[in-house]
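Trainee: Here it is, the structure in full.
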Amino acid sequence: MNRPAAPVSLGQERTSKGLEQFFAGLENRVNLSIIDFAGASQANITFITSLGHKLYADDVLRSVDQSFGTGVEAMEKQSDPDAIAEFISQNLDFDHASFDGALIWDTLQFFAPPLLEAVMQKLYQALRPGAYLFAIFSAREKERSIPSYSYRINGSRTFTLLPRGERVVGQFFNNRSIENVFQGWASIKFFLTRDNFQEVLVRR
Amino acid sequence: MVGKTVSIKGQIVSREDIVLDGEIEGTIEALEHRVTVGPNGRVKASVRAREVLVLGQMLGNIEAGDRAEVRRDAKLVGDVRTSRVSIEDGAYFKGSIDIVRPDSLRADSKAAVAEPQTQAASSTLTLTPLSDTPVTVNAATAEAN
């Protein structure tokens, strides 16, 4: 059932319990390696490097568009095992256990299930045991396409959403399906918000 | 300046600021100076310099003692190791960013400069100013004028 929700405040700061706990997990440690799937932004670079960490940034949705195209047809291509393998090798060619945290934001929603499975396998391998992954899912469960955003970190518990236009979702997500995405991971914590989002913090 | 119709493959060592607006493949070193990838530049190389500014397209790693900057509409794919970095909105960047202290990068640079200046075979192009006039690389002969 879709929950009535307050409208998303675009371009405004948003407090995030999930993000706060993600960064709390990095406290008192330096020289960690963090992935940011939202692409390189000065805000995120400045914040994460000011904590003493190294950042790997990629606009993964842009990479997906370049590899598989856009629109509904792209979802069919995202089910092609050869195309998936090529995408993973070109874009997610990470060493085993090389990252201490991952900011995945809303990207997982836009992968077709076969691609999503491959991406999750790769992320699981790339993250060290105990590393946290922060992701966001839309609470608009039954909609075929939803808005996508860029995310700018303002502080350890706040970020700003910048609209990037509507995108076709790979599948519909509810709590059960989100848990299935992270099956085999050590733990998952949900953070419900007043607007259209559901945040999850997952431990490798 | 390396003009937009110039294509160079090999090692470039510069003892002045350099602007690359052509097609470069190899390695570029300007340890005490600035390397600019111009808006028409298509660089497939690793770059070591005091400052690196990307206005065009670059595929390769950057090591910049002072600063690395990627401007709007530019594209950089590679790892960056520097003491300061600036990525403008609208720029495309994919890779890792490692902020290090300036003195540790300068120590690496000085060690590189102190090494014997061995010229590689004909693939190395060294640009040394004989005067204050700019150095131009001729596209046909790749010789410094």
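The values are calculated or read from the model by the stated rules, or taken from the named source; none is laboratory data. Keep in mind the model is a prediction, meaning the values are calculated, not measured. With ideal geometry, Cβ positions are generated from the backbone for all residues, glycine too; neighbour counts draw on all protein chains shown.
Trainee: Mind telling me which of the residues A:Glu199, A:Glu166, A:Glu143 ends up being in contact with a Gly (Cβ under 6 Å, 6 or more places away or on another chain) and of a type outside the set (Lys, Arg)?
Mentor: That would be A:Glu199, the only listed residue that is in contact with a Gly (Cβ under 6 Å, 6 or more places away or on another chain) and of a type outside the set (Lys, Arg).
Trainee: On the basis of being part of a loop (DSSP other than H, G, I, E, B) and within 13 Å of chain A (Cβ to nearest Cβ), does B:Gly90 make the cut?
Mentor: It is true that B:Gly90 is part of a loop (DSSP other than H, G, I, E, B) and within 13 Å of chain A (Cβ to nearest Cβ).
Trainee: Under 8 Å by Cβ, and 6 or more places apart or on different chains, what pairs join a residue from the stretch A:143-154 that is part of a loop (DSSP other than H, G, I, E, B) with one that is buried (at least 19 other Cβ atoms within 10 Å of the Cβ)?
Mentor: Short answer, once both residue conditions are applied: A:Glu143/A:Val169; A:Arg144/A:Val169.
Trainee: Got at least one residue in the stretch A:25-36 being more than 17 Å from the chain's Cα centre (by Cα), surrounded by fewer than 17 Cβ atoms within 10 Å (Cβ to Cβ) and within 13 Å of chain B (Cβ to nearest Cβ)?
Mentor: Yes, some residue in the stretch A:25-36 is more than 17 Å from the chain's Cα centre (by Cα), surrounded by fewer than 17 Cβ atoms within 10 Å (Cβ to Cβ) and within 13 Å of chain B (Cβ to nearest Cβ).
Trainee: Follow-up question, since we're still on this one. Would you confirm whether or not the stretch A:120-138 contains a residue that is surrounded by fewer than 22 Cβ atoms within 10 Å (Cβ to Cβ), farther than 16 Å from A:Val60 by Cα and among the polar types (S, T, N, Q)?
Mentor: Yes; the residues of the stretch A:120-138 include at least one that is surrounded by fewer than 22 Cβ atoms within 10 Å (Cβ to Cβ), farther than 16 Å from A:Val60 by Cα and among the polar types (S, T, N, Q).
Trainee: Output yes when any residue across the stretch A:117-124 is touching a Ser or Thr at 6+ places or on another chain (Cβ under 8 Å) and in contact (Cβ under 8 Å) with a residue 40 or more places away in the chain, and no when none is.
Mentor: No; the residues of the stretch A:117-124 include none that is touching a Ser or Thr at 6+ places or on another chain (Cβ under 8 Å) and in contact (Cβ under 8 Å) with a residue 40 or more places away in the chain.
Trainee: Also: Just for the stretch A:38-56: of the residues that are small (Gly, Ala, Ser) and under 25 Å from A:Gln90 (Cα atoms), which one is nearest to the other protein chains (Cβ to nearest Cβ)?
Mentor: The residue in question is A:Ala40.
Trainee: Could you list, in sequence order, the residues of the stretch A:103-150 that are on the phi > 0 side of the Ramachandran plot and aromatic (Phe, Trp, Tyr)?
Mentor: A:Trp105
Trainee: What are the residue pairs meeting all of these: first residue in the stretch A:57-85, first residue more than 13 Å from every other protein chain (Cβ to nearest Cβ), second residue in a helix (DSSP H, G or I) and basic (Lys, Arg), Cβ atoms under 7 Å, and 6 or more apart or on different chains?
Mentor: Close Cβ pairs (under 7 Å, with a partner that is in a helix (DSSP H, G or I) and basic (Lys, Arg)) amount to A:Phe68/A:Lys77; A:Gly69/A:Lys77; A:Ala83/A:Lys77.
Trainee: Residue check: is B:Glu63 in a strand (DSSP E or B), crowded, with 20+ Cβ neighbours inside 10 Å, of a type outside the set (Val, Ile, Thr) and within 11 Å of another protein chain (Cβ to nearest Cβ)?
Mentor: So B:Glu63 does not fit the description; no.
Trainee: Next up: Within the stretch A:155-180, track down each residue that is buried (at least 16 other Cβ atoms within 10 Å of the Cβ) and among the β-branched types (Val, Ile, Thr).
Mentor: Across the stretch A:155-180, the qualifying residues are A:Thr160, A:Val168, A:Val169, A:Ile178.
Trainee: Filtering the stretch A:155-180 down to residues that are in a strand (DSSP E or B) and hydroxyl-bearing (Ser, Thr, Tyr), which residue is nearest to A:Asp106 (Cα to Cα)?
Mentor: Ranking the candidates gives A:Thr160 first.
Trainee: Given the criteria away from chain B (no Cβ under 14 Å), in contact (Cβ under 8 Å) with a residue 24 or more places away in the chain and outside any loop (DSSP other than H, G, I, E, B), does A:Ile88 qualify?
Mentor: Yes.
Trainee: Within the stretch A:139-153, how many residues are surrounded by 16 or more Cβ atoms within 10 Å (Cβ to Cβ) and either modelled with pLDDT of 95 or more or of a type outside the set (Asp, Glu) (or both)?
Mentor: Count: 10.
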